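In what follows, a structure is listed as structure tokens, so that the remarks can point back to it.
Where a number appears in this text, it was derived from the coordinates with a stated rule and is not lab data. The structure presented is a predicted model; accordingly, all values stated were derived computationally and were not measured. Because the Cβ atoms are built from the backbone with ideal geometry, glycine has one as well, and the counts that use them run over all protein chains shown.
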Amino acid sequence: MQRVDLRSDTVTHPTEQMYQQMVEAPLGDDVFGDDPTVNQLEQESAERLGKEAALFVPTGTMANSIAIGTLTRPGDEMLLMEDSHIYLYEAGGSSRLWGVHPHPLPSVAGCLDADAIASSIRPDDPHQPHTSLICLENTHNMCGGRVITPEQIAPVAQAAREHRLKMHLDGARLFHAEVALGIPAAQLAAEFDSVSFCLSKGLSCPVGSLLCGSAEQIAEGRRLRKLLGGGMRQVGVLAAPGRVALSQGIDRLAEDHRRCQQLAEQLALLPGARIEPNPPQSNILFVAFDQIDSAGYQQMEADLEALGVRVLAIGERGLRAVLHRQIDDEGLQRAIEAFRQIRSI
């Protein structure tokens, strides 16, 4: 029996139409700028996000790294959330690659607090780094896929303007926020100098992310992409499914949200269960249980695996489950039954 894989929405496979477009896509050499499929994807992405230009890169980590490299100078400091993907899961790239010092702050409902930003900005002192960048994340992965609203972004943007700071949005799952809020992604990205989004998280593409920003920033981003080894050749075979995803894959994310809410409702009925966030806001949830420690969650992960359901144990946070296109209603029910079984042992 096929496993129900809830580890991440990165485990999806391309749709049949994506495979077909990969075969049929017109190709060129993207390093020379003449791959028509990549050029179309970049143009469509920039327009969808309300920015001047876009850059296709292999991964979201590279997109975020290029954004930081183009918006800062060596020795600068950036403000970001202590549970953000850039801070936790991108191999310390800001400091290692660009000499940018990360200053982590607590997240408040998945966002930064404007007062905390103001109090963290360095004075004009040669002993201290220059604060130059704020990074946010929408949706916020480690906050259980929390959706960040324009009302939350507005005071952060105001603080950035007052102190002349740049802003970057890690929008790996930005289209989940668009669907959840019913607000176009361009509106959610409007206050940011740059925004990245992933095609391989929830949108079923095999690989790829976009960085969107000003024409000047993206021109410099191409230089940094080359430096990082991201200058690819006939990459239209990867860009083609991205065009399908943007035209057909966004609206259906609502199905993942529905199933995530159904999963949360059923898991909440288990003894000692705690759901975060409750209710879920997009396609991600964390479930924890009373009197279970990290080792216990590792065992629960193994027990679920034995029943054909894959999740991730995240330390004391509990178990993370992510819904995506390849989890249908039958798969959802199998996951619910597996959780019920291990909690009855």
Two-site FRET efficiency, Arg343 against Glu216, from Cβ-Cβ distance with R₀ of 51 Å, rounded to 0.05 = 0.40
Label-point separation (nm) for Ser294 and Leu88, each offset 7 Å from Cα along Cα-to-Cβ?
-> 1.3 nm
Taking placed amide H atoms and a strict 5 Å upper bound, the residues 5 or more places from Arg146 or on another chain that come that close are His140
How many angstrom separate the Cα center of the range 56-116 from the Cα center of the range 228-302?
-> 22 Å
Please state the relative contact order of the range 1-99 as a whole percent: Cα pairs under 8 Å, 6+ residues apart?
-> 15 percent
Nitroxide proxy distance, nm - points 7 Å out along Cα→Cβ at Ser247 and Gln262 = 3.0 nm
Please tell me the relative contact order of the chain in percent, rounded to the nearest whole number, where contacts are Cα pairs under 8 Å and at least six residues apart.
-> 25 percent
Applied in sequence order to the range 167-179, the curve 6.51 cos²θ - 1.76 cosθ + 1.60 (Karplus, θ = phi - 60°) yields integer Hz couplings, x standing for Gly and Pro, of 10, 10, 10, 7, x, 3, 10, 4, 6, 5, 5, 4, 5
Mind checking which of Gly28, Leu199, Ala185 is farthest towards the positive end of the chain's charge dipole, using Cβ charges of +1 (Lys, Arg) and -1 (Asp, Glu) about the Cα centre?
-> Gly28
Beyond 36 Å, what share of the Cα-Cα pairs of the chain is found? Please give it as a whole percent.
-> 22 percent
Can you list residues whose amide H is under 5 Å from Ile134's amide H, if they're 5+ apart or on another chain and H is modeled 1.01 Å from N?
-> Leu79, Lys166, Met167, His168
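Report, in deg cm²/dmol and to the nearest 500, the calculated mean residue ellipticity at 222 nm for the chain, where each DSSP H run with n ≥ 4 adds -39500 (n - 2.57) and the sum is divided by the residue count. Working shown, then result.
Values: 14 runs with 144 residues, N = 345.
Calculated from helices alone, the mean residue ellipticity at 222 nm is -12500 deg cm²/dmol.
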Under 5 Å between amide H atoms, partner at least 5 residues away or on a different chain: which partners does Val108 have, H built in plane at 1.01 Å?
-> Asp113
Which one of Lys226, Lys201, Lys51 has the biggest mean-square fluctuation once the chain is modelled by GNM with Cα springs under 10 Å?
-> Lys226
Distance in nm between label sites at Val108 and Ala154, each 7 Å beyond Cα in the beta-carbon direction?
-> 1.5 nm
Which ³J(HN,Hα) values, rounded to whole Hz and listed in residue order, are derived for the range 181-186 from phi using the Karplus coefficients 6.51, -1.76 and 1.60 in 6.51 cos²θ - 1.76 cosθ + 1.60 with θ = phi - 60°, glycine and proline given as x?
-> 8, x, 10, x, 4, 4
State the three equivalent ellipsoid semi-axes of the range 196-345, derived from the C-alpha gyration tensor as the square roots of 5 times its eigenvalues, in descending order and whole Å.
-> 37, 18, 14
Taking Cα atoms of the range 150-241, Rg/Rh with Kirkwood Rh, to two decimals?
-> 1.01
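If we count other beta carbons within 10 Å of each Cβ, what is the order of Tyr297, Tyr19, fewest first? Please report the intermediate quantities before stating the final value.
Working: Tyr297 23, Tyr19 15.
So the residues, fewest neighbours to most, are Tyr19, Tyr297.
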Can you run phi through the Karplus equation (6.51, -1.76, 1.60; θ = phi - 60°) for the range 254-269 and list ³J(HN,Hα) in whole Hz, with x for Gly and Pro?
-> 4, 5, 5, 5, 4, 5, 5, 5, 5, 4, 4, 4, 6, 5, 5, 7
At a Förster radius of 45 Å, what calculated FRET efficiency corresponds to the Cβ-Cβ distance of Gln17 and Ala118, to the nearest 0.05?
-> 0.40
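Determine, for Thr70, Thr149, the number of other Cβ atoms within 10 Å of each Cβ, and report the residues in order from fewest to most. Spell out each step's value before the answer.
Details: Thr70 25, Thr149 17.
Fewest-to-most Cβ neighbours within 10 Å comes out as Thr149, Thr70.
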Rg to Rh, two decimals, where the range 32-141 supplies the alpha carbon set and Rh follows Kirkwood = 1.03
Among Glu162, Glu191, which comes first, then next, by fewest other beta-carbon atoms within 10 Å?
-> Glu162, Glu191
